[in-house]
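None of the figures in this text is laboratory data; all of them are computed from the coordinates on show. Note that this is a predicted model, so its numbers are computed, not measured. Glycine gets a Cβ as well: all are built from the backbone with ideal geometry, and neighbour counts include every protein chain shown.
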Amino acid sequence: MLLSFKAQGARLVEASLEDHAGLVAAVAQADVVVSAMSGAHIRSHNLSLQHKLVEAIKEAGNIKRFIPSEFGMDPSKMGHALEPGRVTFDEKMDLRRAIEDANIPHTYVSANCFAAYFCPNLCQMRTLLPPKEKVHVYGDGNVKAIFCDEDDVATYTIKSVDDPRALNKTLYIRPPENILTQNDVISKWEKLSGNVLEKIHIPADEFLASMKGTDLANQAGVGHYYHIFYEGCLTNFEIGDDGADATLLYPEVQYTRMDEYMKRYV
């Protein structure tokens, strides 16, 4: 991936979060810092390491915009989140406080559900592929969530980095045609594949009970899925003055619809 960036003209600068002086030197060569480290428990959960990046940005003193690694649910709306998954939101909020205390110009990006993790698998946990016979439906399957193509997330993010309308705000990526219920996603897949699946509805209490005795990554995932597909945490609030809607700021972006996204899996 890094070499592909280089082939497109990017200049690679080596630095390490364990080398403060080297990190400051790298940051000093940029105008904008975008952190894209993983916060997912199923991969690597290193969000707190970004405090070292904040310290480097403070010392360098030249950064015009910092976009920390968020790109999911808005952590400021998740003060009620379930343990153990709430650590993700707590750590993101701790980092926000450090950024704001240091007066670092910033934009927080709330990209909701990355399509690859949530859409082709019809919102099923522990797989990235579509089910062949049965699909688990959370509750009645009618709670709205928001799905975003990862490339579109990158496009909106880069458009925001020098946009004063997004300065010191949360950029919400809410593509109108990708605000869908789980039933909508299933229906789109059935239409594309020609395969009608058996639906197994899971009540909320049964779903939460499924985390008992499982590993930390699964427990965190169950909690996050509960907030998304039972509570509707992605769509149950209006964007306030401290936020901006990416699709309204950048209507020229031709974002990918989820039925188009899923065609590659047929």
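Assorted remarks:
- Packing around the peptides 176-185, 204-213, taken as the average count of other Cβ atoms within 10 Å per residue, puts them in this order, highest first: 176-185, 204-213.
- Cross-link table Lys92/Lys169; Lys132/Lys188; Lys77/Lys144; Lys52/Lys77, entries beyond 19 Å C-alpha to C-alpha: Lys52/Lys77
- When the Cα positions of Phe71, Val87, Gly194 are compared along the charge dipole of segment 15-265, Gly194 comes out farthest toward the positive end, with charges on each C-beta of Lys, Arg, Asp and Glu.
- Contour minus Cα-Cα distance for Ser38 and Lys6 (0.36 nm per residue): 9.4 nm
- Dividing the convex hull volume of the alpha carbon atoms of the chain by its residue count gives 138 Å³ per residue.
- Between 0 and 90°, nearest 10: helix 216-226 axis offset from the chain longest Cα axis: 70
- Here r is the Cβ-Cβ distance between Leu129 and Glu59 and R0 is 30 Å; the resulting FRET efficiency, rounded to 0.05, is 0.10.
- Segment 93-110 and segment 186-203: distance between their alpha carbon centers, rounded to Å: 41
- For the pair Lys77 and Ile239, the difference between a 0.36 nm per residue extended length and the Cα-Cα distance amounts to 57.2 nm.
- Lys/Arg +1, Asp/Glu -1 at C-beta; segment 15-265 dipole; positive extreme among Asn103, Ala209, Asn183: Asn183
- For segment 108-266, the Stokes-Einstein estimate of translational diffusion at 25 °C and a viscosity of 0.890 mPa s comes to 148 µm²/s, using the Kirkwood hydrodynamic radius over alpha-carbon pairs.
- Put a plus charge on the Cβ of each Lys and Arg, a minus charge on the Cβ of each Asp and Glu, and nothing anywhere else: the dipole of segment 15-265 about its Cα centre is then about 420 debye.
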